[in-house]
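Worksheet: one structure, shown below.
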Amino acid sequence: VAPARIEDVIREGQELSHCIANSENYWERIEKGESFLLFLRKTSDPHQHYYTMEIEPDGTVRQLRTYYDRQNSDIDDAKAFLKEWQAVVKKRLTEEDRKAAARSSVLRELEFEQLRQDNVIIRTGDLAGQRLVDILVGDLMEAA
């Protein structure tokens with residue numbers, strides 16, 4: 001599900017108790033066309049919050065998180081679906097989408113390198129004490 005309004009993003013962040021509503025990084029990336037937010041929902045209950053995704057223009061998944069920035073035991077089911085979804089997205093890409101995705105990939109890698117250099121550590125929640133870049137790299141699902 002694509003958010004229709006800013007309020008949708010804020011509500012998603014509040015409902016799942018994660019950072020999308022409170023971090024300017026997401027808004028800046030959306031504004032530049034570097035990445036976008038989507039809400040993953042189960043077809044059996046499309047109004048129930050499930051996972052929030054940050055994706056790049058080619059369907060690469062940068063982040064996939066649920067309540068409190070967690071990934072539940074069903075994450076493999078979600079990832080299996082997303083691999084199929086990425087294959088569909090790939091068939092629909094325009095040349096402009098491919099160029100935007102290439103720029104997004106470069107910017108992501110630059111951000112990851114900066115996080116490594118700065119040794120950014122997560123301070124709260126289940127991921128406290130871990131390097132942010134390690135978590136982000138672990139979430140990454142590049143579109144094939």
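Listing for the model above:
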read-out	value
Residue under evaluation D45, criteria (1) among the acidic types (D, E); (2) under 25 Å from Q14 (Cα atoms); (3) over 17 Å from the mean Cα position of the chain (by Cα); (4) surrounded by 14 or more Cβ atoms within 10 Å (Cβ to Cβ), criterion not met	(4)
Qualifying residue in the range 35-45 (condition: touching a Phe, Trp or Tyr at 6+ places or on another chain (Cβ under 7 Å) and in a helix (DSSP H, G or I))	no
Subset of the range 100-124 that is among the charged types (D, E, K, R) and farther than 15 Å from D58 by Cβ - its residue that is modelled with the lowest pLDDT	R123
Lone unmet requirement of (1) of a type outside the set (S, T, Y); (2) at pLDDT 95 or above; (3) over 16 Å from the mean Cα position of the chain (by Cα); (4) open to solvent by 90 Å² or more (accessible area, probe 1.4 Å) for D97	(4)
K91 being at pLDDT 95 or above, surrounded by fewer than 17 Cβ atoms within 10 Å (Cβ to Cβ) and within 14 Å of G33 (Cβ to Cβ)	no
Which listed residue is open to solvent by 30 Å² or more (accessible area, probe 1.4 Å), more than 22 Å from D77 (Cα to Cα) and either in contact (Cβ under 8 Å) with a residue 60 or more places away in the chain or not basic (K, R) (or both), from I20, I30	I30
Only listed residue being β-branched (V, I, T) and over 15 Å from the mean Cα position of the chain (by Cα), chosen from V106, V137	V106
Set D77, D134: member being free of Cβ contacts under 8 Å to residues at least 40 places away in the same chain and open to solvent by less than 90 Å² (accessible area, probe 1.4 Å)	D134
Leading residue by the ranking (nearest to E54 (Cα to Cα)) among those in the range 121-131 that are surrounded by fewer than 16 Cβ atoms within 10 Å (Cβ to Cβ) and among the aliphatic types (A, V, I, L, M)	I122
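The values are calculated or read from the model by the stated rules, or taken from the named source; none is laboratory data. From a predicted model like this one, the values you see are computed outputs, not experimental measurements. Note that each Cβ is placed from the backbone with ideal geometry, even for glycine, and that neighbours are counted across all protein chains shown. Accessible surface is based on the protein model in full, side chains and every heavy atom, while ligands, DNA and RNA are left aside. Shrake-Rupley method; radii C 1.70, N 1.55, O 1.52, S 1.80 Å.
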